[in-house]
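Reading through the structure tokens given below for one structure.
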Amino acid sequence: MPVTQDPILIAIFAVVAAVVLFQLYNMLGKKVGRQPEEDARARPATAPAAPAADPSPGGRSNVLDAVTLASIAGLKARDPNFDPIRFLEGARQAHETIVRAYAAGDRETLKPLLTPAVMESFEAGIAARETRGETETAEFLHPARADLEQASAEENRATAKVRFLAELRNRVKPAGDGEEQVEERRVAELWTFERTLGASDPNWVLARTEPAAA
């Protein structure tokens, strides 16, 4: 005997099924848990891998080549604490300080950084500029590049030669109402620093300057 299908029951079952399907859609259709894109946003951007040697401000790698290492072997033998990388950073700072101080005629800043012979030469240049009534300033357009050419020790004196490559802007104001002259130039120089081994003062002083190949 066939079962009579009640239209009311069928309608109720259809509504129930629709509700169940709607709930399933809500559960399955939504993103559940942390999504890959959310994880990517939550994580800070991955920093690039550090290079084998961080470049110095002047663009020089903090790794010395074999030739330079060989050239400083004599000094390292006498002074094991000599750190060529740290020395170069100090030499670069001294270079900028000396260039600016010379342009400004700042004798007090220059005196402890130079040997007496170099100080005498710089003093002559400053005095000549003052006699002409000129004032000057020096500005580094970029951090100077510094390369250690050689370091050695002889008796109780240590010497180190550093090749500097710098881009400068010099402003010279003549006496009176003359127009200020502005010059931008690229300078390559070889500076020789020295210090006394075993002395209480570990600082290096500038002993010589000479032109170098650019």
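Apart from one condition, Glu183 fits all of (1) modelled with pLDDT under 95; (2) open to solvent by 80 Å² or more (accessible area, probe 1.4 Å); the exception is (1). Taken together, the criteria exclude Thr115 from residues that are open to solvent by 30 Å² or more (accessible area, probe 1.4 Å), polar (S, T, N, Q) and modelled with pLDDT of 95 or more. Scanning the range 96-141 for residues that are within 28 Å of the chain's Cα centre (by Cα), among the acidic types (Asp, Glu) and within 16 Å of Thr209 (Cβ to Cβ) yields a single hit, Glu96. Would you check which residues across the range 81-96 are more than 14 Å from Phe164 (Cβ to Cβ) and part of a helix (DSSP H, G or I) and list them? Once the filter is applied, which keeps residues that are more than 14 Å from Phe164 (Cβ to Cβ) and part of a helix (DSSP H, G or I), the range 81-96 yields Pro84, Ile85, Arg86.
Each residue in the range 181-214 was checked for being under 25 Å from the mean Cα position of the chain (by Cα) and among the basic types (Lys, Arg), and 2 of them qualify.
Go through the range 197-210 and give me each residue that's loosely packed, with under 15 Cβ neighbours inside 10 Å and at pLDDT 95 or above. Passing the criteria: only Glu210. Restricting Arg171, Arg195, Arg186, Arg129 to residues that are touching a Lys or Arg at 6+ places or on another chain (Cβ under 8 Å) and of a type in the set (D, E, K, R) narrows the list to Arg195.
Candidates Arg129, Arg169: the one that is charged (D, E, K, R), assigned to a strand (DSSP E or B) and farther than 28 Å from Phe82 by Cα is Arg169.
Pairs meeting the criteria (first residue in the range 126-139 and touching a residue at least 40 places away in the same chain (Cβ under 8 Å), second residue part of a strand (DSSP E or B) and open to solvent by 40 Å² or more (accessible area, probe 1.4 Å), beta carbons under 8 Å, at least 6 apart or on different chains) are Glu134/Lys173. Residues in the range 181-198 that are of a type outside the set (Val, Ile, Thr) and either closer than 23 Å to Phe122 by Cβ or part of a strand (DSSP E or B) (or both): Gln181, Glu183, Glu184, Arg185, Arg186, Ala188, Glu189, Leu190, Trp191, Phe193, Glu194, Arg195.
The values are calculated or read from the model by the stated rules, or taken from the named source; none is laboratory data. Nothing here was measured: the structure is a model prediction, and the numbers come from that model. So basically every Cβ, Gly included, is an ideal-geometry build from the backbone, and we count neighbours across all protein chains shown. Ligands, DNA and RNA are excluded from the accessible area calculation, which covers all protein heavy atoms including side chains. Shrake-Rupley method; radii C 1.70, N 1.55, O 1.52, S 1.80 Å.
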